[in-house]
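None of the figures in this text is laboratory data; all of them are computed from the coordinates on show. Quick caveat, the model's predicted, so the values are computed rather than measured. In this analysis, Cβ positions are derived from the backbone assuming ideal geometry, glycine residues included, and neighbour counts consider all displayed protein chains.
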Amino acid sequence: MADASVPELLATAVAALGGSERDGQERMAEAVAHAFDTGEHLAVQAGTGTGKSLAYLVPAIARAVADDHPVVVSTATIALQRQLVDRDLPRLADALEGVLPRRPTFALLKGRRNYLCLNKIHSGTSDDSGEAPQEELFEPFAASALGRDVQRLTAWADDTATGDRDDLKPGVPERSWAQVSVSARECLGATRCQFGTDCFAERARAVAGAADIVVTNHALLAIDAISDTTVLPEHELLVVDEAHELVDRVTSVATAELTAAALSVAVRRVTRLVSPELVQRLDAASLTFGSAIHDGTPGRMDYLDDELATYLAALRDAAGAVRSAIDTAPADPKAAAARKEAVAALSEIADTAARILASFEPAIPERSDVVWLSHEDNRGSMRAVLRVAPLSVAGLLHDRLFGRATTVLTSATLTVGGSFDAMAGAWGLTGGSEPHEESWRGLDVGSPFAHAKAGILYVAAHLPPPGRDGTGTDAQLDEIAELITAAGGRTLGLFSSMRAARAAAEAMRERLDTPVLCQGEDTTGALVEQFAADADTSLFGTLSLWQGVDVPGPSLSLVLIDRIPFPRPDDPLLTARQRAISARGGNGFMAVAANHAALLLAQGAGRLLRGVDDRGVVAVLDSRMATARYAGYLRASLPPFWATTDTDKVRLALRRLRGG
């Protein structure tokens with residue numbers, strides 16, 4: 001390592017960046033350095049305002065420069081990725097100039113689908129795929145939105161240095177981007193592609209391969225762990241920021257689905273690639289399967305009936321047979337690209353059907369996957385989706401993540417009920433047999449905020465328990481109106497559903513003189529900007545606002561939470577996990593539903609204090625937070641605010657905060 005110690009490097013960085021050292025930040029930096037030295041995994045809870053990015057970046061840079069080996073940093077959100085690459089890392093490199101042996105380098109790496117594919121742009125879709133060539137989008141269809149987007153993206157390909165979708169301003173819909181990008185499965189590979197030397201994705205990988213700090217996202221981290229191909233540069237040290245999101249993001253990547261629309265696209269792609277008999281076989285299997293899930297009963301499947309099993313087997317075999325018959329190495333690169341895309345789609349179908357069938361095999365003593373059927377609204381029509389997801393990702397993370405790299409997991413909210421145990425179990429650090437236990441420790445470095453003096457936790461214990469229809473009662477709406485009036489606007493309303501958020505927004509617009517915005521009326525970013533710019537404004541919304549709003553200052557002095565955010569009782573994956581824990585003698589409700597609610601409550605309450613001068617109230621309008629057996633467990637997951645159930649005291653405090 002460099003001659004300077006990590007605390008000295010941190011002090012140098014903080015001084016150069018114009019900040020002030022914080023005890024929690026230094027403790028975290030030293031703990032991260034210790035984990036890197038010993039190989040012991042580390043979970044660090046660092047409250048808002050701690051400066052945790054600096055606390056892990058300084059030891060990461062020091063180690064990467066000293067060993068000439070990369071450290072990977074994974075985040076859940078694009079906003080944090082951009083903050084790290086565009087602001088934090090450049091400023092930190094400048095601050096440590098002359099202190100380290102050399103200037104550190106860094107790079108942002110995303111999945112291949114996030115970059116333009118030059119081969120797809122210039123070759124288009126092969127005529128033998130059964131789909132219209134891409135060139136036809138220019139004339140006579142240029143008047144269509146899709147055609148205009150593809151024209152624009154084709155022109156942009158000549159101007160952009162990165163081909164990164166996030167660098168395109170303004171952006172385009174997913175359908176348009178899909179015309180000019182490929183997945184890893186669809187990619188020809190740099191050696192076979194005529195544009196391999198100019199490929200944007202390959203360039204990004206090359207830059208990342210030479211960087212000291214590689215910033216990526218949880219989805220790509222999961223793909224690297226799950227797939228047999230290496231996506232990220234070889235590394236032995238990993239930092240997972242926003243680690244409370246890791247399990248959900250990995251689960252999402254490991255989830256597969258079958259739909260009639262995807263099957264229809266696959267049939268069209270292979271129409272001119274294989275014999276009519278094989279096309280007819282795949283088409284018949286697709287139509288029969290699509291009809292079966294359309295007529296099926298939505299919900300989790302505890303068993304697979306013989307009819308659907310037969311249809312799945314026929315679909316698996318037909319997709320596999322067509323896939324085997326496709327020549328994937330024609331001389332024409334245009335044809336090769338189209339065939340590779342067709343093979344990728346067929347592989348996805350065959351693999352997913354086989355996975356669903358295998359999950360119901362009687363020889364498997366304990367199912368590792370959950371299968372469920374959903375009927376979803378798709379622009380006014382019903383879309384049937386058969387999905388399969390892992391019951392748990394703990395084993396996958398244990399073997400493929402923690403078994404490969406020393407890992408630091410950090411977030412402002414990692415303890416549930418005052419303990420790291422729940423998160424450690426979900427990650428796979430604990431809960432297995434002795435040989436599978438990982439060496440790890442948890443550390444809570446606290447927060448620079450004086451929560452008990454700066455914030456009030458108000459539980460409206462006098463309200464009736466919330467109903468099942470998802471909308472607020474008249475008494476709850478009265479409470480919301482009175483609290484917002486006392487606060488003079490300045491309210492972030494966090495609701496358990498969009499239906500509840502919209503109903504409350506409509507009711508408040510009739511009752512209040514101050515503006516009320518609601519998620520969905522504009523982009524979330526634009527709404528948050530409006531909310532922050534006008535202290536009289538309130539903003540209502542759902543999940544993304546629970547975790548994604550950072551509004552310090554007087555524009556936010558009241559956070560309203562309409563109900564304890566338990567998962568929906570019909571959520572097939574979470575209910576299956578709950579049932580599996582109960583079957584093993586555990587408390588499934590506490591391990592799954594209560595933990596889920598506790599993490600979201602902590603994230604929601606964390607929206608209140610974003611700066612050391614912030615003051616305000618978190619109001620939970622669910623009386624179960626005061627009366628239920630699990631109430632203490634949930635409150636132990638929240639910051640140590642001063643707690644009360646006295647409505648008059650809370651209104652008085654809010655009026656004082658606005659100077660009224």
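What the table shows:
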read-out: Sites Ser381 and Glu521, calculated FRET efficiency, Cβ-Cβ separation with R0 30 Å, nearest 0.05; value: 0.75
read-out: Prolate/oblate/rounded call for the range 1-104, Cα gyration tensor, a/c under 1.5 rounded; value: rounded
read-out: Viscosity 0.692 mPa s, 37 °C: Kirkwood-radius Stokes-Einstein D of the range 293-442 over Cα pairs, µm²/s; value: 171 µm²/s
read-out: Taking N as its residue count, the alpha carbon Rg of the range 505-660 over 2.2 N^0.38 Å; value: 1.16
read-out: Helical mean residue ellipticity (222 nm; -39500 (n - 2.57) per DSSP H run of 4+; nearest 500) of the chain; value: -13000 deg cm²/dmol
read-out: Alpha carbon Rg of the range 496-585, scaled by the compact-globule rule 2.2 N^0.38 Å; value: 1.37
read-out: J(HN,Hα) series, the range 218-231, from Karplus relation 6.51 cos²θ - 1.76 cosθ + 1.60, nearest Hz, glycine and proline x; value: 4, 5, 5, 4, 5, 4, 4, 6, 7, 7, 7, 8, 7, 9
read-out: Alpha-carbon gyration tensor eigenvalues x 5, square-rooted, for the range 254-359, Å; value: 27, 13, 11
read-out: Net length gained if the chain between Asp158 and Arg175 were fully extended (0.36 nm per residue, minus Cα distance); value: 4.0 nm
read-out: Among 562-574, 530-542, the order from most to least packed when residues are scored by Cβ within 10 Å on average; value: 530-542, 562-574
read-out: 19 Å reach of a label modelled at Thr77, 7 Å along Cα-to-Cβ, counting backbone N of the range 42-67; value: 44-57
read-out: Cα shape, the range 23-68, gyration tensor, a/c 1.5 rule; value: oblate
read-out: Using alpha-carbon coordinates, inclination of helix 260-269 to the longest axis of the chain, degrees; value: 40 degrees
read-out: Relative contact order, percent, the chain [alpha-carbon distance under 8 Å, six or more residues apart]; value: 16 percent
read-out: Label-point gap, in nm, between Ser544 and Ala358 - each point 7 angstrom along Cα→Cβ; value: 3.5 nm
read-out: Base-10 log of normalised Debye intensity for the range 533-616 (one unit scatterer per alpha-carbon) at q = 0.17 Å⁻¹; value: -0.74
read-out: Theoretical gain in end-to-end length, Asp37 to Arg655 [0.36 nm per residue, Cα-Cα removed]; value: 217.3 nm
read-out: Normalised alpha carbon radius of gyration of the range 48-126 [divisor 2.2 N^0.38 Å]; value: 1.43
read-out: Lys pairs, the chain - Cα-Cα below 24 angstrom, 8 or more residues apart or on other chains; value: 9
read-out: Volume per residue that the Cα convex hull of the range 171-320 spans, once the total is divided by residue count, Å³; value: 193 Å³
read-out: Two-site label geometry, Ala16 and Glu234: point separation in nm, points 7 Å out along Cα→Cβ; value: 3.1 nm
read-out: Unit charges at the beta carbon, dipole of the range 180-294: most positive-side option, Val239, Ala222, Leu263; value: Leu263
read-out: Dipole in debye (nearest 20) - the range 531-584, about Cα centre, beta carbon charges: Lys, Arg +1; Asp, Glu -1; value: 560 debye
read-out: Relative contact order (%) - criterion: Cα under 8 Å, at least six apart; region: the range 586-660; value: 34 percent
read-out: Tensor-based shape of the range 225-267 (alpha-carbon gyration tensor, a/c under 1.5 rounded, otherwise prolate or oblate); value: oblate
read-out: Dipole-positive endmost among Ala628, Thr524, Ala605 within the range 516-660 (Cβ charges, Cα centre); value: Ala628
read-out: Size of electric dipole in the chain: Cβ of Lys, Arg +1 and of Asp, Glu -1, about Cα centre, debye, nearest 20; value: 880 debye
read-out: Correct option for log10 I(q)/I(0) by the Debye sum over Cα atoms at q = 0.08, 0.09 Å⁻¹ [calculated from the coordinates] among [x] -0.65, -0.80; [y] -0.85, -0.95; [z] -0.70, -0.89; value: [z]
